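A quick write-up on the structure given underneath.
The values are calculated or read from the model by the stated rules, or taken from the named source; none is laboratory data. As the structure is a computational prediction, the values presented were derived from the model and not from experiment. Cβ placement follows ideal geometry from the backbone for every residue including glycine, while neighbour counts extend to all protein chains displayed. Keep in mind that these areas ignore ligands, DNA and RNA; they rest on the heavy atoms of the full protein, side chains included. Shrake-Rupley method; radii C 1.70, N 1.55, O 1.52, S 1.80 Å.
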Amino acid sequence: QKEVEQDPGPLSVPEGAIVSLNCTYSNSAFQYFMWYRQYSRKGPELLMYTYSSGNKEDGRFTAQVDKSSKYISLFIRDSQPSDSATYLCAMNRGSTLGRLYFGRGTQLTVWP
Amino acid sequence: DTGVSQDPRHKITKRGQNVTFRCDPISEHNRLYWYRQTLGQGPEFLTYFQNEAQLEKSRLLSDRFSAERPKGSFSTLEIQRTEQGDSAMYLCASSSTQGGTGELFFGEGSRLTVL
């Protein structure tokens, strides 16, 4: 079993829809949780960053962490065609503790 | 541009040849990471450096792979005797342990195709 599980999709939604992306993990030591967005043939770019359990909102994006269930989510409101990309969840045990563990990514297409 | 820079962006080689990739991190970042990503998968950790010290290596990093960061600035990743299974995107990232949140900033990647 991989330490981070993520449904690869693909997910296809109409413009304006609310998108929900999710990951589960097995290592209870993970404390920092991130979402990266990756466009085709590009490097990942950091989208959202949260520490421990709770919610964090940034514009149309909301990240949720439920450490008791080992479950994290990213919600995208009013989705746009420019949101079409692969979304990767990532996590680590501490901000200075090195490597990130990634999910396999969910491919999202938002059609106009 | 002050982001992470990788070179070359794309390398095509024949099986058995050696290849080397270079990564220039964000200048004030003391940590540098190498990841490998294949189609439809998330990035897989290979190794990371803090300054010039290599602190962790994945079991994915076979004896044919070697990474260096000689002066704590740029890094090279060499693959010897390439195999078709080495075909992937090799991603470099950097981060800082001084303040901030430790998030990784990625380069555009170096795509390797082994024929």
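Run the numbers for residue B:2 and residue B:63: contour at 0.36 nm per residue of separation, minus the present Cα-Cα distance, in nm.
Full extension of this stretch gives 18.7 nm more.
Taking only the alpha-carbon atoms of the protein assembly as shown, what semi-axes of the equivalent ellipsoid follow from 5 times the gyration tensor eigenvalues under a square root, in whole Å, largest first?
29, 21, 16
Kirkwood Rh over Cα pairs of chain B into Stokes-Einstein at 37 °C, 0.692 mPa s: D in µm²/s?
Rounded to a whole number, D works out at 233 µm²/s.
Just need log10 I(q)/I(0) for chain A at q = 0.10, 0.12, 0.14, 0.23 Å⁻¹, Debye formula, equal scatterers on the alpha-carbon atoms, no solvent, rounded to two decimals.
-0.26, -0.38, -0.52, -1.33
Using Cα-Cα distances under 8 Å and only pairs 6 or more residues apart, what relative contact order does chain B have, in percent?
Answer for chain B is 36 percent.
Roughly speaking, what is the centre-to-centre gap between the range A:35-61 and the range B:6-81 when only Cα atoms are used, to the nearest Å?
With the range A:35-61 and the range B:6-81 each reduced to a Cα centre, they are spaced 24 Å.
Could you tell me which trypsin sites (Lys or Arg not before Pro) in the range B:25-110 are loop residues by DSSP with no more than 15 other beta carbons within 10 angstrom of their beta carbon?
Here the trypsin sites (Lys or Arg not before Pro) that fit, given the DSSP loop and packing criteria, are B:59, B:64, B:71, B:81.
Tell me, what HN-Hα J-couplings in whole Hz come from the Karplus equation 6.51 cos²θ - 1.76 cosθ + 1.60 at θ = phi - 60° for each residue of the range A:50-64, using x for Gly and Pro?
Karplus-based 3J(HN,Hα) across the range A:50-64 equals 9, 10, 6, 7, x, 10, 9, 10, 8, x, 7, 10, 10, 10, 10 Hz.
Just order A:56-63, A:87-94 by mean Cβ neighbour count inside 10 Å, highest at the front, would you?
Ranking, from highest mean packing down: A:87-94, A:56-63.
Ordered by packing density, taken as the mean number of other Cβ atoms within 10 Å over each peptide's residues, highest first, how do A:10-22, A:30-42 rank?
A:30-42, A:10-22
Just flag the GluC sites (Glu not before Pro) in the range B:1-60 sitting in loop per DSSP whose Cβ has no more than 14 other Cβ atoms within 10 Å.
Loop-located and lightly packed - B:28, B:52.
Using a 1.4 angstrom probe on protein heavy atoms only, which residues from the range A:65-112 are buried by at least 20 Å² of accessible area when all chains are present rather than their own chain alone?
A:95, A:96, A:98, A:99, A:100, A:102, A:104
The range A:53-94: D in µm²/s via Stokes-Einstein (Kirkwood Rh, Cα pairs, 20 °C, 1.002 mPa s)?
The diffusion coefficient I find is 183 µm²/s.
Give me the tail of P(r) for the range B:25-87 as a percent: Cα-Cα pairs with distance above 16 Å.
More than 16 Å apart: 48 percent of the Cα pairs in the range B:25-87.
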